[in-house]
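Read through the structure below, which is laid out as structure tokens, and then see the notes.
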Amino acid sequence: MRFVWPEVLWLLLLVPALVAAYVVMLRRRKTAAVRYASLMLVRDSIGTGQRIRRHVPPALVLLGLVAAIVAAARPTATVTLPSQYMTIALAMDVSRSMQATDVEPNRLSAAQTAAKAFIHDLPKNVRLGIVSFAGTAAVVQTPTESRDDMLAAIDRFQLQRATATGSGLLLALSMLFPDEGFDLEAAVFNNRPGAGARPIPLEKRKSAETPKASQAEREPVKPGSYTGGVVILLSDGRRTTGPDPLDIAKMAADRGVRVYTVGFGTREGAAIDFEGFSFYVRLDEETLKAIAKMTGGEYFHAGTGADLQKVYETLNARIALETRETEIGALFVAAAALLLLAGGLLSLLWFHRGAPVAARPA
């Protein structure tokens, strides 16, 4: 637990002073009690339980003041709460390598089965958008809460040549920020492998073409701080075309979007036969891990269909519940109010007095 205004805690130094004042007051009352002819009569009339009980209301009031001071310092704690994520953009690789049979019956079928199980377990308040990517990227399903539409979109996957991981990631990112108008065409044609240039939103591109139409640059935010949605990127191979996915990951990180990456298939890779040609495919775990690290997400490896389903179960848990720092001052305010109220009521009930610190003479 930490405090937004820790300097307020200096007021806690008043607590020992209040305790000392209470002890001094009790001693003065004991001195005044000497006027009685027999102290034994006074002690017998008060009783052991009464002598102990008279300190309870002042103690409750003191604890209430301590709780109020702590609340004023605005304490925060890291707690697990229902996630605020409302949109998930799922980008899935549908390149020819997904027909490899190192995952039974093949990678694509296993990925579709796992994705459907993921959809069934989605929280009700979550919308899902689906992107497929191979040589190009396409929106298979715009963000929706309809489970039937999501499942139908998964069934529409079609294998294609090449792997444009960056295009798939950019299109998924555009689902979370539809008003920014990311220019996918510019990203594809102006950012060939090795070019290293970053695609820019369409409106900024237009602004650059028209100097009079000035537009402020987006200020980068903390990676992972965006609470409106996340991206899940599944790939089984290496990028062969399109923009560099690390450049797109930087765009996501600057907007606070977490990207959870999934490497699907055996780490050893697999050979693919297609139209009389044979080629070998293997995971690019380094890039997937770098994307996740850059954006504050997490990388998962799934070597089988069962592993992929477990990954999706874990992601559902990440999305349904999230750990974040939040202020808990309201809890201390409530505790302070209850303690002060209890102290006042017990003082009135036991001693018929409104001031709980006014104890009977000992």
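Coordinate-derived values only; no laboratory data. The structure presented is a predicted model; accordingly, all values stated were derived computationally and were not measured. FYI the Cβ positions are ideal-geometry reconstructions off the backbone, even for glycines, and counts take in every protein chain you see.
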By the mean-Cβ-within-10 Å protection proxy, highest first, 169-179, 17-27 rank as 169-179, 17-27
Rounded to the nearest Å, what's the spacing between the alpha carbon centres of the range 295-319 and the range 119-161? Just the number, please. 17 Å
Find out how many positive minus negative residues lie around ALA162, taking Lys and Arg as positive, Asp and Glu as negative, among other residues whose Cβ is under 10 Å from that of ALA162. +3
P(r) of the range 217-346 in 5 Å steps, Cα pairs, percent per bin? 2, 9, 14, 15, 14, 11, 8, 6, 5, 4, 4, 3, 2, 1, 1, 1, 0, 0, 0
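Using 0.36 nm per residue, how much length does the chain from LEU151 to ALA117 gain when fully extended, once their Cα-Cα distance is taken away? Write down the numbers at each step before the final one.
On the way: separation 34, 0.36 × 34 = 12.24 nm, distance 0.95 nm.
Length gained, LEU151 through ALA117: 11.3 nm.
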Rough spin-label spacing in nm, given labels placed 7 Å along Cα→Cβ, for THR314 and MET1: 3.3 nm
